[in-house]
Amino acid sequence: GPHPGERTDPRHDADSYWRHRLRGDPPEIRQRCGSRKAALDSDVAVSQRFKDDFPALAADRIIRTASGDAGFLLLPDGSVGLVHALGDSFLTRHLTPGYVKSAKADGLKLSLRFDDFAFSKASYRFTDAALASTLQQRLTP
């Protein structure tokens, strides 16, 4: 039999744990984590969400993507705030000069690279090429 204090529950066995992870999460977890998609349907929504994480920063102007999955906040100090919908939640970042590695506008599209292991690159589409260009100018290191 098991030694005193030995765990016999297979969920505590490392091999069993990794076999489960490689198969994927059960459907009830997949549904709970991503069935509802977050959206930024107004400038107010972008502003409020950014204020939750950065209460001291207020935007002069807000630029939302065409699909409403992200919003950029032009801040008075020349930096930019970002609210990015990710699954059913939001990722917020204060895009300071050292954080943005590159910004490239190509028509309606803006491609960004960040000095962030968890969020290293992203691309966004806008309704007007001038918006992508404005952001590229603000974000170019």
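Values in this text are rule-based calculations from the coordinates and carry no lab data. It should be emphasised that the depicted structure is a prediction, and the values quoted were computed from it without experimental measurement. As a convention, Cβ positions derive from the backbone with ideal geometry for all residues, glycine included, and neighbour counts pool all protein chains shown.
Explain nothing, just the number: relative contact order of segment 44-141, from Cα pairs under 8 Å at least 6 residues apart, as a whole percent. Please report the intermediate quantities before stating the final value.
Working: 186 pairs, mean separation 20.9, N = 98.
Relative contact order of segment 44-141: 21 percent.
Between the residues LEU40, PHE50, GLY78, the greatest Cα displacement towards the positive end of the dipole of segment 27-141, with unit charges on the Cβ of Lys, Arg, Asp and Glu, is found for LEU40.
By the gyration tensor of its Cα atoms, with a ≥ b ≥ c the square roots of the eigenvalues, what is the shape of segment 85-134: rounded for a/c under 1.5, prolate for a/b over b/c, or oblate? Oblate, because a/c is 1.5 or more while a/b does not exceed b/c. What separates the Cα centres of segment 55-71 and segment 114-134 is a distance of 12 Å. Modelled spin labels at ASP88 and ASP115, positioned 7 Å past Cα toward Cβ, are 3.6 nm from each other.
Between beta-carbons, use under 13 Å as the cut-off and find the net charge around ASP116, counting Lys and Arg +1, Asp and Glu -1. Please list the in-between numbers first.
Working: positive: ARG93, LYS101, ARG113, LYS121; negative: ASP115.
Charge balance in the 13 Å sphere: +3.
Label separation (ASP60 vs ASP106): 3.0 nm, computed from points 7 Å beyond Cα along the C-beta direction.
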